[in-house]
Amino acid sequence: MERYTAELMRVKNDKSGKCRYFLQKCGVMTRISQADFELKKDLAAGLECLTITVKRGLVRHQVTAVYYL
């Protein structure tokens, strides 16, 4: 059984309350839709490396989603 991971990130702006969603592709965080973000999280076999960073009014939730083939 092969294992692979995907880096996901949700960034929330405290002032506006808006959230933006990202997926890491080739070492660069690329913006994706909320539906794609939720789908990737729901299809994952598990989640690892949950980190939260607060900086300059932005709250970043980073997670590593684990998948098995």
Residue by residue through segment 14-30, which ³J(HN,Hα) values in whole Hz follow from phi under the Karplus form 6.51 cos²θ - 1.76 cosθ + 1.60 (θ = phi - 60°), with glycine and proline marked x? 5, 6, 8, x, 7, 10, 10, 10, 9, 10, 7, 10, 6, x, 10, 6, 10
Under 19 Å from Lys25, Cα to Cα: lysines that are on another chain or at least 8 residues apart: Lys40, Lys41
Residue order, fewest to most surrounding Cβ atoms within 10 angstrom, among Met29, Met1: Met1, Met29
Which of the GluC sites (Glu not before Pro) found in segment 1-39 are in a DSSP loop and have at most 11 neighbouring Cβ atoms, other than their own, within 10 Å? Glu2
What do you get for the angle between helix 34-43 and the principal long axis of the chain? Use alpha-carbon atoms, 0 to 90 degrees, nearest ten. 40 degrees
Relative contact order for the chain using alpha-carbon pairs under 8 Å, separation at least 6, rounded to a whole percent? 41 percent
Sorted by Cβ density within 10 Å, fewest first, the residues Tyr21, Tyr67: Tyr67, Tyr21
Extension gain from Leu47 to Val59, taking 0.36 nm per residue of separation minus the Cα-Cα distance: 2.4 nm
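Since every read-out is calculated from the coordinates, none of them should be taken as a lab result. Just so you know, these numbers come straight off a predicted model, no measurement behind them. Here the Cβ is made from the backbone with ideal geometry for all residues, glycine too, and neighbour counts use every protein chain on show.
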